[in-house]
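Reading through the structure tokens given below for one structure.
Coordinate-derived values only; no laboratory data. The shown structure was predicted, so the numbers you read here are calculated from the model rather than taken from an experiment. So basically every Cβ, Gly included, is an ideal-geometry build from the backbone, and we count neighbours across all protein chains shown.
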Amino acid sequence: MYPGVLSAPRVPGRSRPAAPRRPWRVVAALATTLALAVAGPTPAHAANPYERGPDPTVASIEATTGPFATAQLTVARSAVTGFGGATVWYPTSTAEGTFGAVAIAPGFTNTQSAVAWLGPRLASQGFVVATIDTLSVYDQPASRGTQLLAALDYLVGTSAVRSRIDRNRLAVMGYSMGGGGTLAAANTRPSLQAAIPLTGWHTTKNWSGVRVPTLVVGAENDTTAPVASHSEPFYTSLPASLDKAYLELNAATHSAPTSPNVTIAKYSISWLKRFVDDDTRYEQFLCPAPRGSAIEEYRDTCPHS
């Protein structure tokens, strides 16, 4: 029944009797064979150890709430240095391991409430997310960039959720001057994994030094930071060799990122998953370039893999 198990093979040219049978080895071999037959093939481990959550679908990245239950904590201005406090959203379970972290800055004269909707939405997809207040609501983009980095340093350094975070998988986002700050932060810290400026505003138009995968989001009817003088030159100036994309929201205004927006959410989630988590399952939503009535224009450097 089991050649090579029940008896030792004959060796040509030798007359010496075959080695005696060893019943305990036969029993062990049979037990192993039966166990494998019952259990079936060993499941393959994910090639990427940073994948979090089930296989994505269009419905899952458009949903208001992702697969992870979340909780939040308030970080007082007095408890930190370098930025003005924050609300931190995080997945409650660490059964799948640690998570990437994202810091998000508001725009000129805004508090964190302007970007608050992004906190639970992104966290429920498997990220630790801090929506920050700036030291002053009048802070310029360069300062907002510095504060985004200070918030990330706090998250991985002394925050109550630091054990949940992989300090090597960090990203920045921001709205308006916070979007300009996002570009500044990415330019300052090339070790970041992703950057997403949302209807960004900055007097600097050349970002050729950025080495961080960047999704630039503009709005067709933006009169505060018109795409022709902000988002489009930002994108064009980024290195051609960089993983980058430009998403222009159809018929949207400058304030589009300040309230729940399915298009912003689904492509921000996909970008963060692809580059913070190295999760190529999300590349299907970015390459080939997405189209639809909510998108006025989309440019990118596909393929990313």
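Shown in residue order for segment 135-146 are the 3J(HN,Hα) couplings computed by the Karplus curve 6.51 cos²θ - 1.76 cosθ + 1.60 at θ = phi - 60°: 4, 9, 5, 9, 4, 7, x, 4, 5, 5, x, 4 Hz (x for Gly and Pro).
In segment 199-298, what % of DSSP beta bridges are antiparallel (nearest 5)? About 35 percent, rounded to the nearest 5.
At an R0 of 35 angstrom, the distance between the Cβ atoms of SER78 and ASN168 translates into a FRET efficiency of 0.75.
The stretch between SER208 and SER305, if pulled fully straight at 0.36 nm per residue, gains 32.7 nm over its current Cα-Cα span. Across segment 106-121, computed HN-Hα scalar couplings (Karplus, 6.51 cos²θ - 1.76 cosθ + 1.60, θ = phi - 60°) run x, x, 4, 6, 8, 9, 4, 4, 5, 10, 4, 4, 6, x, x, 5 Hz from first to last residue, x flagging Gly and Pro.
Net charge near TRP207, counting Lys/Arg +1 and Asp/Glu -1 over other residues with Cβ under 13 Å of its Cβ?
On the way: positive: LYS205, ARG211, LYS244; negative: GLU232.
The answer is +2.
Take the Cβ atoms of THR92 and THR223, set R0 to 41 Å, and the FRET efficiency comes out at 0.50. For GLY53, no residue whose modelled amide H falls within less than 5 Å of its own remains once neighbours fewer than 5 places apart on the same chain are excluded.
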